[in-house]
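One structure is given below, encoded as structure tokens.
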Amino acid sequence: MTSAMINAAAAGTWTLGDLTVNRIGFGAMRLTQKGEAFALDAVPSDRAQAVAVLRRAVELGVNHIDTASFYFSSLRSANELINQALSPYAGDLVIATKVGPGRDPSGEWSHAGPAQLRGQVEENLRQLGRDHLDVVNLRILGTASIAERFGVLAELREAGLIRHLGLSNIGAAQLAEAQAIAPVVCVQNPYGIGRPAQDDLLRICGEQGIAFVPFYAIAGAGREGGAPAEEAPELVTVARAHGVSTARVRTAWTLHRGPHVLAIPGTGNPAHLEDNIAAGALRLSADDLAVLDALHLRGF
């Protein structure tokens with residue numbers, strides 16, 4: 001597939017509330033530094049290249065960008081890179097962000113209580129240069145009640161600062177708890193080949209018309225460190241049969257899990273960007289899916 005043929009629209013679309021997005025989007029986590037994400041000693045990314053990657057993503061049809069104010073390195077902020085690259089924003093561009101976790105300038109992590117959430121929302125607004133946020137995901141740590149914190153975001157939604165609400169890193173009980181407070185348009189959880197524990201929640205989301213948005217779909221167990229150095233032979237065989245990368249197969253497999261599944265692969269590398277977006281056009285056969293599904297259930 002040549003660059004001229006690559007377009008995120010090939011993956012089809014889904015609706016987040018009243019916002020229609022292509023199912024292949026872009027994750028901004030890796031824009032700010034080279035190497036492992038969130039590493040305190042990481043080398044900051046090249047600003048011009050990061051800006052170019054964002055602009056190229058939009059040129060290739062991406063209209064769903066995932067970010068957070070805590071995506072930053074010593075010299076780079078993902079939100080401010082997005083603002084620099086893409087503002088004034090296209091009318092169809094949907095920017096989803098996250099609140100809950102926070103990092104101070106030294107890189108130390110904390111988790112916001114209800115009183116801090118409005119400040120985190122306002123920080124995202126400031127950095128992105130917006131007067132409202134399209135989608136805000138409440139990122140959860142643990143299994144405790146989320147009602148008080150989600151209630152704060154529901155109030156900010158009613159006030160017009162947030163258009164739609166989502167959840168990240170949650171279980172089915174927390175989803176039901178949030179839905180009793182306000183509508184939930186998306187669930188963003190770690191998912192990909194080898195993470196079968198999330199299958200039930202993916203199914204629940206599909207039944208309710210909620211977008212399921214995997215993160216670490218390419219990295220798998222590597223998480224912030226990136227994709228594994230050695231892939232399973234079955235995965236390599238499928239990739240070779242199609243003449244594509246294993247990363248492209250991993251992303252395509254997640255999209256085959258249901259029409260409500262969105263992909264947000266992230267990169268600061270222009271070549272990787274095109275490979276990621278091209279996954280939306282990769283059609284896996286029934287035999288391919290049988291092989292990959294078995295690998296998935298094995299927990300590789």
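The values are calculated or read from the model by the stated rules, or taken from the named source; none is laboratory data. The structure presented is a predicted model; accordingly, all values stated were derived computationally and were not measured. With ideal geometry, Cβ positions are generated from the backbone for all residues, glycine too; neighbour counts draw on all protein chains shown.
Identify, by number, the condition in (1) modelled with pLDDT under 95; (2) in contact with a strand residue (DSSP E or B) (Cβ under 8 Å, 6 or more places away or on another chain); (3) farther than 13 Å from I24 by Cα; (4) among the hydrophobic types (A, V, I, L, M, F, W, C) that L175 doesn't meet. With (1) modelled with pLDDT under 95; (2) in contact with a strand residue (DSSP E or B) (Cβ under 8 Å, 6 or more places away or on another chain); (3) farther than 13 Å from I24 by Cα; (4) among the hydrophobic types (A, V, I, L, M, F, W, C) applied to L175, the lone miss is (1).
Of everything listed in (1) among the charged types (D, E, K, R); (2) under 17 Å from G27 (Cα atoms); (3) at pLDDT 95 or above, the single unmet condition for R76 is (3).
The number of residues in the range 50-67 being surrounded by 15 or more Cβ atoms within 10 Å (Cβ to Cβ) and either part of a helix (DSSP H, G or I) or at pLDDT below 95 (or both) comes to 8.
Kindly check whether there is at least one residue in the range 86-94 that is under 19 Å from the mean Cα position of the chain (by Cα), buried (at least 19 other Cβ atoms within 10 Å of the Cβ) and not aliphatic (A, V, I, L, M). There is no residue in the range 86-94 that is under 19 Å from the mean Cα position of the chain (by Cα), buried (at least 19 other Cβ atoms within 10 Å of the Cβ) and not aliphatic (A, V, I, L, M).
Between A232, A252, A279, the distinction of being on the phi < 0 side of the Ramachandran plot, among the small types (G, A, S) and over 22 Å from the mean Cα position of the chain (by Cα) belongs to A232 only. When V121, V136 are checked against the criterion of being part of a helix (DSSP H, G or I), among the β-branched types (V, I, T), in contact (Cβ under 8 Å) with a residue 40 or more places away in the chain and in contact with a strand residue (DSSP E or B) (Cβ under 7 Å, 6 or more places away or on another chain), a single residue qualifies: V121. Taking the range 243-300 as the region of interest, the helices (runs of 4 or more DSSP H) fully inside it that hold 3 or more residues being surrounded by 23 or more Cβ atoms within 10 Å (Cβ to Cβ) are 246-255, 270-278. Residue pairs whose Cβ atoms lie under 6 Å apart, separated by 6 or more positions or on different chains, with the first residue in the range 267-296 and touching a residue at least 60 places away in the same chain (Cβ under 8 Å) and more than 13 Å from A247 (Cβ to Cβ) and the second among the charged types (D, E, K, R) and surrounded by fewer than 17 Cβ atoms within 10 Å (Cβ to Cβ), are L295/E234.
Can you tell me how many residues within the range 178-204 are outside any loop (DSSP other than H, G, I, E, B) and under 26 Å from M29 (Cα atoms)? Qualifying residue count for the region: 12.
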